[in-house]
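A.B. asks: Okay, here's the structure, questions in a sec.
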Amino acid sequence: MPRAPVTITVALLAALATALLRNRPDLWFAPLQALVHADAAHLLGDLLALLAIGLWLEPRAGSRRWAAWLACGVAASHLAHAALHPEHAHLLGLSAAVYTAAFAGLCAGPPDGEPGARARVIVATVLTLALADELLRGHSAWRGAFGAHFAAPVAVHAVPWVHAVAATVGLALGLCARSAPQSPAAEPSAAR
């Protein structure tokens, strides 16, 4: 069994959903929208982020917890999008869910001084800087880095604020996980 089955399954489902449903907005409903991407560049950016973070953090957090964090990210992003931009019909992609799961996993990680703590601080800093850049520039970091002109049915100015909400939800989930007492069955080594 793979060490990150949720990450791999979500990545495969996103590729499949994008290939089959990208041009079928009549079939998009909120949970499915997270799997559908505007184009190949959008899909590639989200999958690279998901795989980089998920293959590293899912085995440490446990697959059930990782799946719950991703699901909370999808829910938080769609609620934030509806509240902040009710004029937009759709929010596509996994990036907000990845922000949620990433910040949850990074925050819930080992205490300072334990192996992996320094790497978590570095990754959290990079993600925080990317998010700050998005908020300052008004578009996603991927779009800024590659100059992609997505044909998305959502104005890109909505993305940074949805990402910020998703990251904040992730921080809260990570703090809750960190402060919750762990039973031996909930430890990452037992989740493999």
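A.B. asks: Report the chymotrypsin sites (Phe, Trp or Tyr not before Pro) located in segment 25-65 that are in a DSSP loop and have at most 16 other Cβ atoms inside 10 Å of their Cβ, or state none.
C.D. replies: Within segment 25-65, the qualifying chymotrypsin sites (Phe, Trp or Tyr not before Pro) (loop, at most 16 other Cβ atoms within 10 Å) are PHE29.
A.B. asks: Give the accessible surface of segment 51-100 per residue, rounded to a whole number of Å², with probe radius 1.4 Å and ligands, DNA and RNA excluded.
C.D. replies: Per-residue value: 40 Å².
A.B. asks: Another question, then. Remind me, relative contact order of segment 1-98 in percent, using alpha carbon pairs under 8 angstrom and six or more residues apart?
C.D. replies: About 39 percent, as a whole number.
A.B. asks: Ranking request for peptides 88-100, 39-51: highest mean number of other beta-carbon atoms within 10 Å first, then the rest in descending order.
C.D. replies: Per-residue Cβ counts within 10 Å, averaged per peptide and sorted highest first, yield 88-100, 39-51.
A.B. asks: Let me ask something else. Once you place label points 7 Å from the Cα toward the Cβ at ALA82 and LEU136, how far apart are they in nm?
C.D. replies: 3.4
A.B. asks: Something else: Need one number: nm distance between label points at LEU20 and THR168, each 7 Å from Cα along Cα→Cβ, rounded to one decimal.
C.D. replies: In this crude label model, LEU20 to THR168 measures out at 3.6 nm.
A.B. asks: Next question, about the same structure. Starting from 0.36 nm per residue, how many nanometres of slack lie between LEU55 and LEU175 once their C-alpha separation is accounted for?
C.D. replies: So the extension gain works out to 41.1 nm.
A.B. asks: If Lys and Arg each add +1 and Asp and Glu each add -1, what is the summed charge of the other residues whose beta carbon sits under 11 Å from the beta carbon of ALA108?
C.D. replies: Net local charge, ALA108 excluded: +4.
A.B. asks: Still on this structure, please answer the following. Using a 1.4 angstrom probe on heavy atoms only, work out the carbon and sulfur share of the accessible area of segment 1-64 in %.
C.D. replies: Using a 1.4 Å probe with all protein chains present, segment 1-64 comes out at 71 percent carbon and sulfur.
The values are calculated or read from the model by the stated rules, or taken from the named source; none is laboratory data. Please read these numbers as outputs of a predicted model, since none were measured by experiment. FYI the Cβ positions are ideal-geometry reconstructions off the backbone, even for glycines, and counts take in every protein chain you see. Only protein heavy atoms, including side chains, enter the accessible area calculation; ligands, DNA and RNA are left aside. Shrake-Rupley method; radii C 1.70, N 1.55, O 1.52, S 1.80 Å.
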